[in-house]
Amino acid sequence: MNKMILSIIMSLCLLSGCTDYYDTKNDPITYGDTYFNTVLSTDKACYAPGEAVQFKLREPLNNAKVRYSHLGKVLKEENIAGTTWLWTPPTDDFQGYLVDVYEIIDGQEAIKESIGVDVSSDWKKFPRYGFLSGYDRMNQTSIENNINTMNRYHINGIQFYDWQNDHHRPLAGTVESPAESWLDLIGRTNYRSTVDGYINAAHDKGMKAMFYNLLFGALQNAATDGVKEEWYLFKDNNHSNKDNHHLNPPFRSSIYLTNPANVEWQNYLIQRNQDVYAVYDFDGYHIDQLGSRGTLYDYNGTTVKLDETYGSFIAAMKAAFPTKYHVMNAVSQYGQSNSIAPSAVDFLYTEVWDPSKSFDQLVKIIVDNNTFSNNSKNTVLAAYINYAKSSRSGYVNEAGVLLANAVIFAAGGSHLEIGEHYLANEYFPNKNLQMHGELKGKLIHYYDFLVGYQNILRDGGTLTTAPAQQGNIAVFNRKFADKDVFHFLNFTNASTMEWRDTDGNQREPVTQTDITQHITVASPAVKIWVASPDTEQGVAREISFTQNGSDITFTLPSLKYWSMVVVEY
C-alpha cells in the first residue's frame, strides 16, 4: 500500500491522545450524531442458490406487505406479520433482488424500507469489499456488532489489514504453537482470539476473509528467519543498497523489498502462507504492493522491471493454493494491464492516487480494468474520500461520499470504504472521520441499490460515458441486447469535479424534478422504468413515454445524486 508517512504518524498521534496536529474545534464529534438503527436486515450478505433468506424488521408494522422484485419486475407479494419471516429466491445463480416492505395508508402505498438480496455462489462475481484494521482484545459481542454492520451493507469479502506479525513471517508463533498475541508493524498488540473471532463471524454471514500482506516485504530481522540476501531488490547494480520503504519509530522496522519473481522467495512465502492457512481459516490472500519504485536491480545486477514480476508471483500463489482467492492491489494502476488483470486474480482492485483526480478519471479506471480483463472481472476501488480532512477528527462529508459512490456504482465498480469505521485514509486504522447517522442510512440504500440491480450495473453490457461537467447532468449508457440503462448523475451544484472531495467541501446537489429527457434508442420500447437510491427506497417505478422512430421522450420524476432509467425492448 502506498502509505503516506505523515498521515500515518498524525493518525497515530490522535489514537494515542495527542492533539497537537489537530484543530479539535473543527467539526467536533457530538454524542448521538452517529447513531443509526437499521429498520430492515437479512441474516447474510449473500446467499447460495436455493438458500432461504431470513428478514428481520426492527419493529412490527400494521397491515404490512412485502414485495420481492428483480430488475423492476415483481416476482411475489405477500402479507407479513411480526418481525421475522423467510423467503426462498429463485434458484438462478448470480442474481440481485430488491425487497421492499410497505403499508397501505388511506388507499396509498407507503414504502417503509427496502433491502437488496444477492444470490451468488461465488463472491468474486460481484465483490463488495470491506476491511478490518484493529485486533486488540475484543469480546464476541463487539466483534459481532462490527460484522453485523458490514452485513447490512452487504459486504461479502473482508480485507484483514495489518493483522500479521512480520511481513516475511506473517504467522506469529508456529503452526504447532501459534502465539496468542503479537505486535504488528507499528507496535499495536493483535490477539489471536480477535482474528479468529472475526473470521468465524464473517463466515456466519456468508462473507470471505482475506489476509493482507505485501508480496515483497521483509523486515530487518528477516535473515534470522531464512530470507537470503540474493532475494532482495536493490537501487544499485552491485547489491549494496537495498530498496526499502523507510519507516521511523514507532514502526518496528522499515520494509525491505524482495524480488517477487525470485522463485526461492516465492517458495519461501508459499510456506509462510501455508502456515497461516494451517492456523487461521482465511479464504485467500490480499496481495499488496507499493507502486512504481524507479530503476531496480536484482542481486546479480540485472535490471528488474517490477511490474512484470507480478504475474509470476500470482501464478505461483495460485498454483500453491488453487482453492484460495487471490486479489492484488494495483496502486495507481501500476502493473494492472500487463501483469495483474491477465493473471489468476479473482477480481481487480485499484488504489486510486493522483493523477486520477477527476470523476472522469475515476470512471476510466473501471472502464480500463474491464478492457484489461476482457470484461471478465469486476473492479473494487480503494478511493479515499475526504483524504486531507482525515488528518483530524470530524465527520465525513455526505455529499462527497454519495456523489463519488453514485459515479463508481453507475460505472459498474464498487468502493472499499466500510469497516469498523469509515475509510478515508490509506492507513486503515485511521478512524478520525465518522459518518453521521443520516449518512449511514443513505449509504445503506446505495449498497441495497448496488445489490438489487447488480445484473444491470455490473453484469455485462457495453458502457458508454459522457464527460462529467461541472454545472451539468452527466449521462452514462449501458447497452444490453434487450434493454438500455441510462444513468443520470447530477453535477449541477458541484463545487468540485475532483472525486476525492479532499477537504470535505463538496456541495449537496439541489434535487431537480420533472425533467424532460430525450434519448436515442435502436428499437421500439415496450416499457420504461426509473429507480434511484435517493428516492422511494430504490424501488422501481414505471413511467410513461412517447417514441417517434429512434427518439424517446419521457419525464424524469426526480434527480438528487443519481437516477437510473431502464428502457426495455
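The values are calculated or read from the model by the stated rules, or taken from the named source; none is laboratory data. Bear in mind that the values here come from a model prediction, so they are computed numbers and not experimental data. Glycine gets a Cβ as well: all are built from the backbone with ideal geometry, and neighbour counts include every protein chain shown.
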Notebook entry, point to check: If Thr189 passes every condition in (1) surrounded by 15 or more Cβ atoms within 10 Å (Cβ to Cβ); (2) over 16 Å from Tyr285 (Cα atoms) but one, which one does it miss?
Noted result: (1)
Next item on the list: Collect the residues in segment 327-342 that are surrounded by fewer than 20 Cβ atoms within 10 Å (Cβ to Cβ) and among the small types (Gly, Ala, Ser), keeping them in residue-number order.
Entry: Ser332, Ser337
Item checked: In segment 360-376, the residues that are farther than 15 Å from Ser332 by Cα and either modelled with pLDDT under 95 or crowded, with 20+ Cβ neighbours inside 10 Å (or both) -> Asn370, Ser373
Checklist line | Cβ pairs under 6 Å, 6+ apart, first in segment 334-347 and over 14 Å from Ser292 (Cα atoms), second of a type in the set (D, E, K, R) | finding: Ala344/Lys318; Asp346/Lys124; Phe347/Lys124; Phe347/Lys377
Item checked: All positions within segment 207-254 that are more than 18 Å from Asn267 (Cα to Cα) and of a type in the set (Asp, Glu) -> Asp236, Asp243
Margin query: Just to be sure I understand, how many residues within segment 121-142 are under 15 Å from Lys44 (Cα atoms), surrounded by 17 or more Cβ atoms within 10 Å (Cβ to Cβ) and of a type in the set (D, E, K, R)?
Written below: 1
Notebook entry, point to check: Got a sec? Which helices (runs of 4 or more DSSP H) wholly within segment 388-481 have at least 1 residues that are within 29 Å of Asn148 (Cβ to Cβ), polar (S, T, N, Q) and not assigned by TED's automatic domain parsing to the domain that holds Thr535?
Noted result: 398-410, 454-457
Next item on the list: Could you please find all residues in segment 307-318 being out of contact with any Ser or Thr (no Cβ under 7 Å at 6 or more places or on another chain) and closer than 12 Å to Val263 by Cβ?
Entry: Thr309, Ser312, Phe313, Ala316
Next item on the list: Would you mind telling me which numbered condition in (1) out of contact with any strand residue (DSSP E or B) (no Cβ under 6 Å at 6 or more places or on another chain); (2) in a helix (DSSP H, G or I); (3) polar (S, T, N, Q) Thr323 fails?
Entry: (2)
Item checked: segment 495-533, subset in contact with a strand residue (DSSP E or B) (Cβ under 8 Å, 6 or more places away or on another chain) and crowded, with 21+ Cβ neighbours inside 10 Å, residue nearest to Thr465 (Cα to Cα) -> Trp499
Check: Which pairs have Cβ atoms under 8 Å, sit 6 or more apart or on different chains, and link a residue in segment 144-157 that is over 14 Å from Leu416 (Cβ atoms) and modelled with pLDDT of 95 or more to one that is crowded, with 20+ Cβ neighbours inside 10 Å and polar (S, T, N, Q)?
Finding: Asn151/Thr42
Next item on the list: Starting from segment 102-128, keep only residues that are at pLDDT 95 or above, then list their pairs with residues that are among the basic types (Lys, Arg) and part of a strand (DSSP E or B) whose Cβ atoms are within a distance under 8 Å, requiring at least 6 positions of separation or different chains.
Entry: Tyr102/Lys65; Tyr102/Arg67; Tyr102/Lys112; Trp123/Lys208
Check: Looking at this structure, is Ile287 modelled with pLDDT of 95 or more, assigned to a strand (DSSP E or B), within 26 Å of the chain's Cα centre (by Cα) and within 19 Å of Met210 (Cα to Cα)?
Finding: yes
Next item on the list: Test Tyr198 against the stated conditions and say whether it is touching a strand residue (DSSP E or B) at 6+ places or on another chain (Cβ under 7 Å), crowded, with 21+ Cβ neighbours inside 10 Å and not in a helix (DSSP H, G or I).
Entry: no
